[in-house]
Structure formats: structure tokens, C-alpha cells
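Since the structure comes first, as C-alpha cells, the remarks are kept for the end.
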Amino acid sequence: MARTKSGPMVIGIGGHAVRIDASTGNEVWRTKLKTTSFTTVMVEDGRVYAGAGGELFCLDLRTGEILWRNKLKGLGMGVIAFSGASDAAVQAANQQQQRAAIAAAT
């Protein structure tokens with residue numbers, strides 16, 4: 001979950017980035033990124049940076065519109081960790097990724 005200083009909150013869930021109004025809990029917008037269970041997000045300078053399925057996205061904070069995307073070719077489908085992300089969040093994401101890989105292999 002990422003939050004700007006002025007209050008907007010953006011969460012990553014199920015391949016979506018979702019902006020939530022922090023004062024009401026209402027959904028402001030929802031943007032489908034990829035079919036994946038884990039999505040990481042970071043909010044900075046009026047933009048949302050989101051990682052899903054090994055791909056990096058940049059969205060407009062006000063509208064949720066995808067401004068650009070980078071497939072990060074050759075780096076696989078792993079979880080994208082942003083600087084400043086807590087170690088616990090990255091570790092949880094890696095554990096979830098490992099469980100999904102094991103489940104897919106069986």
C-alpha cells in the first residue's frame with residue numbers, strides 16, 4: 001500500500017492498482033495492469049509506479065490512466081520491489097511468489 005502526504009492511497013491487488021480516498025474509504029479509480037496475484041505500488045510526484053508480473057507501469061495519480069509501461073525484458077516475472085519498500089513487504093511478496101510456483105508445478 002502506498003500513500004502520498006496529502007492523503008490519497010493506492011493499493012495493489014490482484015493485478016490492479018486501486019486508488020482509495022483515505023478519508024472516506026471510497027474507490028476513486030481502478031486500473032487493470034496484468035493477470036497476476038501480487039501488485040506492488042509506489043506513489044511519487046503525482047504518478048503511481050506499479051509492478052505486476054515482472055512488468056513496470058506508470059499511471060496518472062488523478063485518473064489511473066496508464067502513461068507508460070516497461071516489460072523489463074529478460075528479467076523474468078518476479079516481484080518488483082521499489083526503493084523504500086519495507087523488507088517485510090518484499091519478503092511476503094517473495095514467499096507468495098514461491099508458493100504460487102510450487103502450486104503451479106504440482
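Taken together, the values in this text are just the output of simple stated rules run on the coordinates, not laboratory data. Predicted, not measured: the structure shown is a model, and the values here were computed from it. All Cβ positions, glycine included, derive from the backbone under ideal geometry; neighbour counts span all protein chains shown.
A compact table of results
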item: Value of Rg/Rh across region 36-76 [Cα atoms, Kirkwood radius]; result: 0.98
item: Theoretical FRET efficiency, 1/(1+(r/R0)^6), r = Cβ-Cβ of N70 and I11, R0 22 Å, to 0.05; result: 0.55
item: Around H16: net Lys/Arg minus Asp/Glu count, Cβ-Cβ under 12 Å; result: +3
item: Proximal aspartates and glutamates to K32, defined as alpha-carbon separation beneath 18 angstrom and excluding residues fewer than eight positions away on the same chain; result: E55, D60, E65
item: Spin-label model distance (nm) - R30 vs F82, 7 Å beyond Cα toward Cβ; result: 2.1 nm
